[in-house]
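Structure, as structure tokens:
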Amino acid sequence: MITALTITHWIFSLALIVFILLHAGRGGLSDMFGGGVGAQSSSGSTVQERNLDRLTIIAAVVFGLTTVSLTWLLG
């Protein structure tokens, strides 16, 4: 059980890093892939930005839950 939680924790920590770097207007990786080009606003009004926001929130919640679970199980 602890091994599965640890693997899940690592996966979601890496996903959280990637999702945060992909946000437009923050100087992240999205500029490299064309996310910062064009007349799109960086307020998150596009469908892609809203979906990326949702994925980031889900990854953050799962990361937080695995952190608390691992601390409780190991501590």
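The slack in the chain from L74 to L21, taken as 0.36 nm per residue of separation less the alpha-carbon distance, amounts to 16.0 nm. Taking each residue as 0.36 nm, the span from A60 to W10 lengthens on full extension beyond its C-alpha to C-alpha distance by 16.8 nm.
Values in this text are rule-based calculations from the coordinates and carry no lab data. This is a predicted model, so every value here is computed, not measured.
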